[in-house]
Amino acid sequence: MNNNKTMKIKKSTEKGFDLESCFQKSETDHQDGYIKDADYYFDSYSHFSIHEEMLKDKIRTKAYQNAILKNKQLFQNKIVLDVGAGTGILSIFAAQAGAKHVYAVENANIAIHAKKIISDNGFSDQITIVKGKIEEIELPVEKVDIIISEWMGYFLLYESMLDCVLYARDKYLAPDGHMFPDKAIMYLSTIEDDEYRKSKIDFWDNVYGVNMSCIKQWALREPLVDCCNPEQINSNSCPIFEIDIKTVKVDDLDFSHQYMLKIQKDDYVHALVGWFDVQFSSCHVPVRLTTSPYAESTHWKQTVFYIEEPLAVKNNDIISGSIAVKKNAQNPRHLDIKISYHLENVYGKNDQFILYRLS
């Protein structure tokens with residue numbers, strides 16, 4: 001139900017949303033709480049549970065399978081690079097589609113098991129596992145015809161794996177090569193979520209008779225990754241960021257854009273909610289993978305950004321503002337996010353912003 005797909009995405013000119021300065025440390029920023037070590041990323045992908053979760057996500061895995069196997073003519077006798085290959089499932093799909101050879105690059109220790117999986121399924125002559133970071137290894141070929149990768153994180157850009165894919169693209173992809181997927185778009189909407197907000201935020205007001213409300217400001221800064229009930233979404237959806245993966249640069253992945261949302265019923269707004277789509281469009285049979293709350297859920301779910309105080313809204317009210325997203329300076333796999341919201345209606349005027357961190 002992304003009914004604003006044709007809306008042009010505009011850069012934010014709002015004061016305080018200049019990417020160069022909008023995430024500068026404040027006097028209280030030392031209270032960020034737990035910060036993951038930068039090396040946690042590859043270690044986490046060495047555990048089987050995370051691969052089980054991704055493989056059991058049928059929406060995700062079938063989208064890649066369909067995009068590859070329904071476009072076999074693109075893969076016939078082609079050299080394919082799989083970035084972040086995990087268990088090797090996408091490499092196997094490419095081999096089944098007739099790829100001449102697939103180089104499956106994976107830095108986590110799951111690469112050891114992927115090699116055995118490939119051998120057990122009879123693809124050892126067609127698929128080569130390369131253990132290491134794409135930025136540090138050298139492929140035995142100068143160029144590849146297709147790059148496949150499942151790089152998307154929560155709120156699309158969390159964990160910054162797209163940076164690795166773009167490095168591989170710039171170094172290895174032939175000029176007429178294909179990216180799978182090749183496009184991505186992020187959306188924003190509003191949601192009534194009183195019950196969950198109380199359990200997540202207002203909970204700190206009284207914890208077994210103890211006032212812990214000082215934690216609320218930090219709880220607000222942690223976006224919630226969960227599946228949203230589409231019946232609770234109470235505005236249209238607005239595209240906030242669009243990526244052409246064939247041409248985008250790493251520096252473009254930090255952005256500061258405007259948004260505008262039209263309320264669709266008399267209600268309360270407790271949070272903004274974000275999701276994304278990716279597309280396999282540069283092929284004969286296009287495939288779209290969506291994480292929309294209106295579609296069957298994926299392991300990415302949606303990302304919920306609670307606001308400080310609920311907003312009373314009327315049908316046709318307009319909530320507008322800016323959203324800035326930038327890699328965290330200390331750990332670039334994390335995201336710093338700043339969102340403003342402006343509303344003027346019969347109940348009054350609201351102009352606020354909140355800083356979030358997805359970590």
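Just a few scattered comments:
- Relative contact order of the range 141-257, defined on C-alpha pairs under 8 angstrom at six or more residues apart (%): 33
- Length available on full extension from K349 to N77: 0.36 nm per residue minus the Cα-Cα distance, which gives 91.7 nm.
- The largest-to-smallest principal axis extents of the Cα set in the chain are 67, 42, 36 Å.
- From phi via Karplus (6.51, -1.76, 1.60), per-residue ³J(HN,Hα) for the range 233-241 in Hz, x at Gly/Pro: 6, 10, 9, 6, 10, 10, x, 10, 6
- Percent breakdown of C-alpha pair distances by 5 Å bin, ordered from the shortest bin, for the range 44-191: 2, 9, 20, 24, 23, 14, 5, 2, 1, 0, 0
- When both the range 195-210 and the range 78-101 are represented by their alpha-carbon centers, they are found 48 Å apart.
- Residue among C238, Y172, I137 farthest towards the positive dipole end of the chain, charges placed on Cβ: Y172
- More than 27 angstrom apart: percent of Cα pairs within the range 105-240: 49
- Among beta bridges from DSSP that stay inside the chain, the antiparallel ones total about 80%.
- Remark: the range 12-21, residue by residue, has Karplus-estimated 3J(HN,Hα) of 7, 10, 5, 4, x, 10, 6, 4, 5, 10 Hz, where x stands for each Gly or Pro and the curve is 6.51 cos²θ - 1.76 cosθ + 1.60 at θ = phi - 60°.
- Simple spin-label estimate for I59 and S281 in nanometres, 7 Å along Cα-Cβ: 2.0
- Accessible area of H101 (1.4 Å probe, protein heavy atoms only, ligands and nucleic acids ignored): about 30 Å².
- Too-long pairs where the Cα-Cα distance tops 18 Å, listed order kept, from K100/K143; K171/K249; K143/K171; K198/K314; K115/K246; K115/K171: K198/K314; K115/K246; K115/K171
- Cut-off 17 Å (backbone N to label point 7 Å along Cα→Cβ of Q264), residues of the range 229-250: 229-240
- Debye intensity ratio in log₁₀ form over the Cα atoms of the range 145-200, taken at each q of 0.18 Å⁻¹: -0.70
- Using C-alpha pairs under 8 Å with a sequence gap of at least 6, the mean separation divided by the residue count of the chain gives a relative contact order of 19 percent.
The values are calculated or read from the model by the stated rules, or taken from the named source; none is laboratory data. Here the structure is a predicted model, which is why all the values come from computation and not from measurement. Glycine gets a Cβ as well: all are built from the backbone with ideal geometry, and neighbour counts include every protein chain shown. These area figures cover heavy atoms from the full protein model, side chains too; ligands, DNA and RNA do not enter into them. Shrake-Rupley method; radii C 1.70, N 1.55, O 1.52, S 1.80 Å.
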